[in-house]
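One structure is given below, encoded as structure tokens.
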Amino acid sequence: MAGWFEWNATRWRRKTGIRQADRRGRRRRQRGAALLLVVWIFIVLFVVVLDFASSMRDDGLATANLADETQVYYIAVAGLNRAVYDVLTDPNAQAGDDDDDDDVGLAVDEELGETEDGTCGRVTTNGRWYECDFAGGSYAVRVLDESSKLGLNALAGDQNVQVLKYVVTWLLLGGNATEGVGVTESREIETVVDSILDWYDDEGDEEITRLNGAEADYYSGLSQPYPIKNGRFDSLEELLLVRGVTPELFYGFDGRPGLREVFSVDSKTRHINVMQAPAAVLRVLLRIDEEEAQALVTQREEEPFGFVQQVQGMVGDPMVAELLRGGRSPRATIEARGMMGDRVVAHVAAMVDDLDDDFEGPTYLKWFDRVPADWAGPGAVEDEGT
């Protein structure tokens with residue numbers, strides 16, 4: 001009997017031990033699963049926190065960039081308004097009229113830029129960039145006289161046919177313009193000149209088509225017809241609608257400038273301010289190459305006095321020479337770049353009229369807001385760098 005009890009006790013202990021081992025094994029497996037679950041939870045939380053931190057960092061940088069951009073934008077606007085004020089109040093840079101052939105409006109370098117006491121000097125109307133530190137940043141500003149290019153609307157009249165022909169001939173033929181013009185080239189030139197005049201003039205009910213020009217019947221008969229303007233040019237790109245004006249002639253080809261580089265639709269006078277004329281305009285007027293034109297620009301900056309008379313003597317056509325002046329017009333495009341360090345952050349510009357009226361003040365005709373850093377200006381104003 002005692003042996004039976006002993007045998008049952010042994011079996012019970014064995015079964016109990018097995019059950020306890022099973023329970024310990026299950027607990028070990030449960031602890032492993034819980035550890036894996038905790039690890040995954042921590043991984044998910046880490047990813048969420050990392051994404052949140054990255055998002056907050058991006059938002060912080062965006063806010064800082066927006067603050068810098070806004071600050072520098074208004075620095076550029078301040079520079080532009082400072083230039084307007086300087087031009088209005090500069091007694092040595094008052095606008096000349098159509099009969100003024102003196103070298104007025106010339107820059108005096110000693111009065112420009114930053115002075116010894118750290119203040120900003122006067123900006124003048126010589127078309128060059130001038131920089132000045134201001135409000136934690138800096139701005140660069142320049143004043144471009146609209147009469148430094150040929151006034152398209154002012155020249156689009158019968159009394160200026162010879163001038164238009166002079167310009168178009170060189171743009172089309174380059175150096176060959178001085179060696180004689182063939183029949184084909186002559187017809188091409190006449191077509192462009194007459195068509196520009198026909199596009200501009202308003203004959204009322206009686207349209208008189210010039211010999212090689214084009215009126216409404218020509219444009220309405222095109223595969224993609226459009227009406228003729230019969231009025232002033234509002235943009236230089238309108239020239240691309242005129243009969244005979246090709247993209248090559250408009251944008252330039254064979255190393256020569258195009259119509260867009262030598263004409264302005266905003267000039268108020270037929271005269272040209274050669275003291276600010278870009279190299280492209282000098283090339284056309286004097287029929288010289290780019291190297292010679294750049295040399296003249298450098299000479300003009302170093303020795304401005306007497307430059308007008310020198311250029312007038314270099315022009316072979318008396319009617320073209322008569323257009324050359326040294327006085328600026330009261331209308332100009334003013335550009336201003338706001339900078340943070342060496343980086344251009346904001347770039348604004350405005351076309352301003354009545355810059356000779358310091359009593360009534362200027363008139364803002366156009367405003368160009370947040371333009372690209374490499375903007376060439378209305379009518380592709382040449383950018384000669386800062």
Q: Quick one: in region 269-307, of everything that is polar (S, T, N, Q) and in contact (Cβ under 8 Å) with a residue 24 or more places away in the chain, which residue is surrounded by the most Cβ atoms within 10 Å (Cβ to Cβ)?
A: 273
Q: Go through region 308-319 and give me each residue that's surrounded by fewer than 20 Cβ atoms within 10 Å (Cβ to Cβ) and hydrophobic (A, V, I, L, M, F, W, C).
A: 314, 315, 319
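On the given criteria, is residue 252 under 20 Å from the mean Cα position of the chain (by Cα) and on the phi > 0 side of the Ramachandran plot?
On the way: under 20 Å from the mean Cα position of the chain (by Cα): yes; on the phi > 0 side of the Ramachandran plot: yes.
Here the answer is yes, as residue 252 does meet what is asked.
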Q | Some residue of region 221-232 being in contact (Cβ under 8 Å) with a residue 60 or more places away in the chain, crowded, with 18+ Cβ neighbours inside 10 Å and either in contact with a Ser or Thr (Cβ under 7 Å, 6 or more places away or on another chain) or not small (Gly, Ala, Ser) (or both) | A | no
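Okay, residues lined up against (1) modelled with pLDDT under 75; (2) surrounded by 13 or more Cβ atoms within 10 Å (Cβ to Cβ); (3) outside the structural domain of residue 145 (by TED's automatic domain parsing):
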site	(1), (2), (3)
43	no, no, yes
56	no, no, yes
61	yes, no, yes
84	no, yes, no
96	yes, yes, no
(Q) For region 278-354, give me every one of the helices (runs of 4 or more DSSP H) that falls completely inside it and has 3 or more residues that are closer than 18 Å to residue 261 by Cβ and in contact with a Gly (Cβ under 8 Å, 6 or more places away or on another chain). (A) none
Q.
Checking the structure you have, find out if any residue of region 313-323 is touching a residue at least 12 places away in the same chain (Cβ under 8 Å) and in contact with a His (Cβ under 9 Å, 6 or more places away or on another chain).
A. yes
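The values are calculated or read from the model by the stated rules, or taken from the named source; none is laboratory data. This structure is a prediction, so every number in the text was calculated from the model and none was measured. Neighbour counts run over all protein chains shown; Cβ positions are idealised from the backbone, glycine included.
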